[in-house]
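Notes follow once the structure below has been shown.
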Amino acid sequence: MEQSLAILAGWLDGIGVGPWARGSSSVYPVANILHLLGLVMLVGGIGVVDLRIAGLWRSIPVTPLARALTPVAAIGLALMVPSGAVLFAADGTALAKSATFQVKLVLIALALANAGLFRLLWQGRSTFPLLARAMAAASVGLWLTIAAYGRWIAYS
């Protein structure tokens, strides 16, 4: 994975994203704020839906809750991808070697696979079997762990 990340870092430098992120006093902080906003939207949106599916707040119907909050989570993810790319580009060479960053990427892949499988198996349902509830709980745990790993990068 380190080799692939190093290639990506070199490519981002080559197209100017890395120098732009490093060379401006405002690009990195703005990207960081957008990344945090995206995280809040993603975890706040899908986290509430996941917790409802996992069994909390049973009096709230799942379908309208998911209809309202899933787009918020999707917009959050859409903010996180480009802002995360800018944050990576600013220090890609070092991040490519970071085990903490690599674990974060693996966890993101697992969280996205979990979300995709959940939608494939149970989209549109209003009641959920134990496996679906476990996947929803795992989603919350994964996204919170990803956030923790993201913060931990600065200290590793």
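Computed from Cα positions, the angle between helix 130-152 and the longest principal axis of the chain comes to roughly 20 degrees. The C-alpha atoms of the chain define a longest principal axis, and helix 2-14 lies at about 60 degrees to it. Only the Cβ atoms of Lys and Arg (+1) and of Asp and Glu (-1) were treated as charged; on that basis the dipole of the chain about its Cα centre amounts to roughly 540 debye.
For the range 83-93, 3J(HN,Hα) computed residue by residue from phi via the Karplus equation (6.51, -1.76, 1.60; θ = phi - 60°) reads 5, x, 5, 5, 4, 5, 4, 5, 8, x, 4 Hz, glycine and proline entered as x. Computed extension length for ALA6-LEU65: 17.2 nm, one decimal, from 0.36 nm per residue of separation with the Cα-Cα distance subtracted. Look at the Cα gyration tensor of the range 5-72: its axes a ≥ b ≥ c give a/c of at least 1.5 with a/b over b/c, and that counts as prolate. Cα centroids of the range 103-156 and the range 56-84: 13 Å apart. Ordering SER98, SER24, LEU112 by the projection of their Cα atoms onto the charge dipole of the chain, which places +1 on the Cβ of Lys and Arg and -1 on the Cβ of Asp and Glu, puts LEU112 at the extreme positive end. Given all pairs of different Cα atoms, what value in angstroms does the Kirkwood hydrodynamic radius of the range 2-155 take? It works out to 16.6 Å. Between the listed residues GLY124, VAL40, SER4, the Cα displaced farthest toward the positive end of the dipole of the range 2-155, a dipole computed from Cβ unit charges relative to the Cα centre, is found at GLY124.
Values in this text are rule-based calculations from the coordinates and carry no lab data. Because the structure is a prediction, the values reported are computed rather than measured. We place every Cβ from the backbone using ideal geometry, glycine too, and count neighbours over all the protein chains shown.
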